[in-house]
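Each reported figure results from applying straightforward, stated rules to the coordinates on display, with no laboratory input. Here the structure is a predicted model, which is why all the values come from computation and not from measurement. No Cβ is skipped: glycine too gets one built from the backbone with ideal geometry, and neighbour counts run over all protein chains shown.
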Amino acid sequence: MLKRYFFMILFISGFTFAQQFPQISITPSSYDMGDIKAGEKVTKIYTIKNVGGEILDIKEVRASCGCTAAKPGKNKLGPGEFTGLEVTFNSEGREGKQNKTVYIETNDPSHATAKVTFTANVLTGGIANTNVISNAGIGSNKSVLKTPKLSFTEKVHDLGKLKEGKVAQYTFNFTNTGGSPLDIGFVVTTGPGIATRLSGRKIEPGKKGYLKVDIDTSNLKGKIARNIKVSSNDPTEPTQTLILTADILK
């Protein structure tokens, strides 16, 4: 009898201990958006819940494609709390069956990278060559892209020598050189001490924007490199990588 009670106490203690960690639960885990007309945007809201016993920290949300933008309603969830994950699929420049994945990075020790998926079938309606508008001027064979185009003035920059402890700043400038609105999705950075600020997420054709980057050099030394990945609905380059380098001196 005592032996049975002993094992019961061990089981309850183990269960209680396990619940002290954050734990993510997402519903639904997959979704079919059905048939979509080319050019349409469709949004689905998934539910993220913390079913654990500590604060769940949503560190990063990223999509497998620049055609998909995903944003949680909040990034920290207490035990039992939930929030929405808004996932928007932009079908412009796509056709046929689509399979997309959104990855959610958290501090859940048993499931650090969770994911949700969705499918869609993009219908073009038999319209040929929808990505190009021809310029029918006499003696001209120019064409104008109907799709958005994210064009950075530069993608690699060296900040040179920096004194440790200084916060260095740099601005990457870009233009939408395409023929339809440019939607910026996620901006993901690598390494410690880096922060970004975007001028705006929707850029009309011909308009400019910028991405400001701050690097805090505290506790850093030697040569460093930081990558910044920028996703957009540019069908030719849905994800572009920017690189900042520096030499940190003590």
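A few remarks follow.
- Summarising the amide proton neighbourhood of Y31: residues at separation of 5 or more, or on other chains, whose placed amide H is nearer than 5 Å comprise T117, F118, T119.
- P(r) weight above 17 Å for region 22-123, C-alpha pairs, percent: 48
- Under-5 Å amide H pairs with I58, H placed in peptide plane, nonlocal only: K76, L77
- Close Lys pairs in region 159-231, defined as Cα atoms under 19 Å apart and 8 or more places apart or on different chains, number 11.
- Amide H to amide H, with H built 1.01 Å from N, S180 comes under 5 Å of K149, counting only residues 5 or more places away or on other chains.
- Centroid-to-centroid separation of region 57-119 and region 175-205 [C-alpha atoms, Å]: 18
- Phi angles across region 211-219 convert, under the Karplus curve 6.51 cos²θ - 1.76 cosθ + 1.60 with θ = phi - 60°, into 3J(HN,Hα) values of 10, 8, 10, 10, 10, 8, 8, 4, 6 Hz, Gly and Pro given as x.
- In this structure, T117 and K250 have a Cβ-Cβ separation that, at R0 = 30 Å, corresponds to a calculated FRET efficiency of about 0.05.
- Label-point separation in nm, F152 to S29, each point 7 Å along Cα→Cβ: 3.6
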